[in-house]
Amino acid sequence: MLKNLFLSERNMMVAILINAVIIFTMYFPAYREDPLLEIIDHLFIVFFLVEAVVKIWVLKPNKYFENGWNRFDFAIIIGSLPSLLVQIVPIPDTSLLLILRLFRLVRLVRFIRFVPHLSKIMAGLARALKASLFVLLALVFLNVLLAIFTCHFYADIAPQYFGDPLISSYSIFQMFTVEGWNEIPAAIAVHVEENGTDSTIFNSSFIIGATRFYFVLVVLIGGVFGMSLANAVFVDEMTMDNTDVIESKIDRLQQELTELKQLLAQGRK
């Protein structure tokens, strides 16, 4: 009876789900230091440890570790064991142990096995990543190029957005996603209006206009065209399996039409 409890896949899934709910609850301020929830959480660690021991004893180590999900679970269980030290040894900094607690939530990935047609989805995902790799690399190159260019001209005017190449890359990527793209040129325009410009050739109005035009181009090239192209390639490869059946039917229909034409031609002779 006890062996069946730990070997049942359904029981393990229920235990993982309940443990995830407990960890989720423990991050509410009212329950963050709740001793009862801490004890329950630690009991789940012991439960999963016993589960692993029982499975290794029943299946034998070689067969147990042949399964990828078993290796995945075992690694998470071993990584969670230091959390039990809190009840035995006073540890001043428990931040690492809290991260190990969150690491257990990764076991929820096991529920992905119940997704219908998972093998087709994973195959489509692999194809989509491979097909869109060149587009993604082109976007990365474009991001770095625009980041350095923008950092050169606007580092002193808007250091919060373009103070260094890393900050500038993030701001350019933000524009690629069409997120807050109007706020950045607006902040630059306010700065130029308040502080003027050091240029002896162009006045403030021209610089503000050129800035707005430049960032519109950034959004159009990287956001509208670049990201849209990457999404189009990705989605097209992901949905390619959906047309396989239709294509096979069309091929059979063409073959039947060819055979029918040959029969008609022979009949005329």
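The values are calculated or read from the model by the stated rules, or taken from the named source; none is laboratory data. All of these numbers come straight from a predicted model, not from anything done at the bench. Cβ: placed from backbone, ideal geometry, glycine included. Neighbour counts: every protein chain shown.
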Exclusive hit being under 31 Å from the mean Cα position of the chain (by Cα) and in contact (Cβ under 8 Å) with a residue 60 or more places away in the chain, set L166, L137, L146: L146
Single condition V58 does not satisfy, out of (1) at pLDDT below 80; (2) part of a helix (DSSP H, G or I); (3) over 26 Å from the mean Cα position of the chain (by Cα); (4) among the hydrophobic types (A, V, I, L, M, F, W, C): (1)
Test for A186: is it assigned to a helix (DSSP H, G or I), in the same structural domain as N143 (by TED's automatic domain parsing) and either in contact with a helix residue (DSSP H, G or I) (Cβ under 8 Å, 6 or more places away or on another chain) or closer than 17 Å to L139 by Cα (or both): no
Every residue from segment 32-46 that is exposed (fewer than 15 other Cβ atoms within 10 Å of the Cβ) and in a helix (DSSP H, G or I): P35, L36, I39, L43, V46
Where a residue in segment 47-68 is free of Cβ contacts under 8 Å to residues at least 24 places away in the same chain and within 16 Å of M12 (Cα to Cα) and its partner, wherever it lies, is part of a helix (DSSP H, G or I) and among the hydroxyl-bearing types (S, T, Y), with Cβ under 8 Å and at least six apart: I56/Y64
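Quick grid of which residues meet (1) at pLDDT 85 or above; (2) under 30 Å from V235 (Cα atoms); (3) in a helix (DSSP H, G or I):
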{"site": "F134", "(1), (2), (3)": "no, yes, yes"}
{"site": "N143", "(1), (2), (3)": "yes, yes, yes"}
{"site": "E179", "(1), (2), (3)": "no, yes, no"}
{"site": "E194", "(1), (2), (3)": "no, no, yes"}
Output for segment 220-265, where each listed residue is modelled with pLDDT of 75 or more, outside the structural domain of G180 (by TED's automatic domain parsing) and either of a type outside the set (A, V, I, L, M) or within 19 Å of the chain's Cα centre (by Cα) (or both): R252, Q254, Q255, E256, T258, E259, K261, Q262
